[in-house]
Amino acid sequence: MDLAAGTVALIAITFFAAFVNGALGYGFSSLTVPVALLFFSNRILNPALVLVEVFINLYVLFLNRSAIARVWRRVLPILIGLAPGIALGSYLIASLHPASLKLGTYALLLPLILVQAAGIRRPIKSEKAFGLPFGAGLGFLYSVTTISGPPMAVFFNNQGFVKKDFRAGLALIRVGESVLTAIAYWHLGLFVAQTQSILWAILPSVIIGIPLGAYVIRRLDAETFRRICMSFDVWVVGFGLARVLLELKLAQGAAAYGPMIAAGLLDIYLLYIYFRNRSRPALAAA
């Protein structure tokens, strides 16, 4: 695809993603990456997004600093587990074929987003014991895709983190994973000239989008806004998966779009259930 068109699309999607991140406290990478991978490879895109996320996550952590004392012990095992996963994922970024990485990214993201959209909750009793392997998997996922919001959101919802604690715990882990991943990318020589040009192109979108999202969400229903963003993500990830299946010749013609259609229909059903359940309390009150 044309590089200039890719840059314009990247600026637009990062502004929207920064707006969502400012509103919800997460979502920057999970919205940016599926669209950006249509134009850029993981090897070029990831380092720029990781640098941006270091500052985004520090900003979110600062906003929720009052809850850090309540949550840091609970997330410490996850933070400790991040390092080995990040080391392995960063090595794969530097060595695997770009198309294979795209396929892996889309294939991982689609079920994670659908699980989050379904609102599945299975509280884990041995939270500390689960933290280390969960952190390792999270570090691997983040270093390969720069995305970790969906599994973390599912985990924190499962464990009953309230709003402020949810954001503070999320920000603590994301600061850790973005800083460690940036260090790993640096040692592997992944910060190339094209990465720097992407970074400078998206910075204005991030600087404007985050405070704007934080301001606007006060006037919107946060849960409904989050659910609509996930629906957008499902369709974009499904489309990206179809494109890479065609690129790798793993499927031909309309068959390549089968996963996107299946995921889209499931998302429409989940969206219907969500709005039906949201309308019941209002009808009961009326």
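The values are calculated or read from the model by the stated rules, or taken from the named source; none is laboratory data. Keep in mind that this is a model prediction, so the values were computed, not measured. A quick note on method: Cβ atoms are made from the backbone with ideal geometry, for glycine too, and the neighbour counts reach across all protein chains shown. Ligands, DNA and RNA are stripped out before the accessible areas are found, and what is left, the full protein with its side chains, is counted by its heavy atoms. Shrake-Rupley method; radii C 1.70, N 1.55, O 1.52, S 1.80 Å.
Taking the stretch 142-286 as the region of interest, what is the percent of Cα-Cα pairs per 5 angstrom bin, listed from the shortest bin to the one with the maximum distance?
Once binned at 5 Å, the Cα pair distances of the stretch 142-286 give 2, 7, 9, 13, 18, 18, 15, 10, 5, 2, 1, 0, 0.
Quantify how much of the Cα-Cα distance distribution of the stretch 1-137 extends past 25 Å, in percent.
On the way: 3422 of 9316 pairs.
Roughly 37 percent, once rounded to a whole number.
Within straight cross-link reach of Lys102, meaning Cα distance under 22 Å, which lysines are found once same-chain residues fewer than 8 apart are removed?
Lys249
Tell me the mean residue ellipticity at 222 nm calculated for the chain from its helices only (DSSP H runs of n ≥ 4, each -39500 (n - 2.57), averaged over every residue, nearest 500).
Values: 11 runs with 234 residues, N = 286.
It comes out at -28500 deg cm²/dmol, rounded to the nearest 500.
How high is the relative contact order of the chain, given as a whole-number percent (alpha carbon pairs under 8 Å, six or more residues apart)?
Numbers: 389 pairs, mean separation 91.9, N = 286.
RCO, the chain: 32 percent.
As a test of reading the structure, rank Ser231, Ser66 by solvent-accessible area (1.4 Å probe, protein chains only), most first.
Details: Ser231 15, Ser66 80 Å².
In descending accessible area the options line up as Ser66, Ser231.
Ranking request for peptides 41-51, 78-88: highest mean number of other beta-carbon atoms within 10 Å first, then the rest in descending order.
On the way: 41-51: 24.0, 78-88: 20.3.
Highest-to-lowest ranking by the protection proxy: 41-51, 78-88.
Can you bin every Cα-Cα distance in the stretch 195-267 into 5 Å intervals starting at zero and give me the percent of pairs per bin, rounded to whole numbers?
The percentages, shortest bin first, are 3, 14, 14, 13, 14, 15, 15, 9, 3, 0.
So the label point goes 7 Å from the Cα of Leu265 along Cα→C-beta, right? Which residues of the stretch 200-235 then have their backbone N under 18 Å from it?
Output list for this probe position: 234-235.
Please compute the per residue accessible area over the chain with all protein chains in place, 1.4 Å probe, rounded to a whole number of Å².
Numbers: 13140 Å² over 286 residues.
That works out to 46 Å² for each residue.
Taking a quarter of the surface of the Cα convex hull of the stretch 27-70, what do you get in nm²? Don't skip to the end; give the middle numbers.
Values: hull surface 14.2 nm².
Convex hull of Cα atoms, orientation-averaged projection: 3.6 nm².
Short version: ³J(HN,Hα) in whole Hz for each residue of the stretch 238-250, in order, from phi by Karplus 6.51 cos²θ - 1.76 cosθ + 1.60 (θ = phi - 60°), x for Gly and Pro, what are they?
Here the 3J(HN,Hα) series is x, 5, x, 4, 4, 5, 6, 4, 5, 4, 8, 6, 8 Hz.
Over the alpha-carbon set of the chain, work out the extent along each principal axis and list the three values in angstrom, largest first.
Taking the Cα atoms of the chain, the three principal extents are 54, 44, 38 Å.
With the full set of protein chains in place, find how many percent of the accessible area of the chain is carbon and sulfur; take the probe as 1.4 Å.
Numbers: 9230 of 13140 Å².
Ligands and nucleic acids excluded, carbon and sulfur give 70 percent.
Which is farthest toward the positive dipole end of the stretch 167-275 among Ala262, Leu203, Tyr272, measuring Cα position about the Cα centre, with Cβ charges +1 (Lys, Arg) and -1 (Asp, Glu)?
Leu203
Once the convex hull of the alpha carbons of the stretch 61-166 is built, what does its volume come to per residue, in cubic angstrom? Please report the intermediate quantities before stating the final value.
Details: hull volume 11.3 nm³, N = 106.
Normalising the Cα hull of the stretch 61-166 by residue number yields 107 Å³.
Bin width 10 Å, origin at 0, all Cα-Cα pairs of the stretch 67-123: what percent of pairs per bin?
Per 10 Å bin, starting at zero, the Cα-Cα P(r) for the stretch 67-123 comes out as 17, 28, 40, 15, 1 percent.
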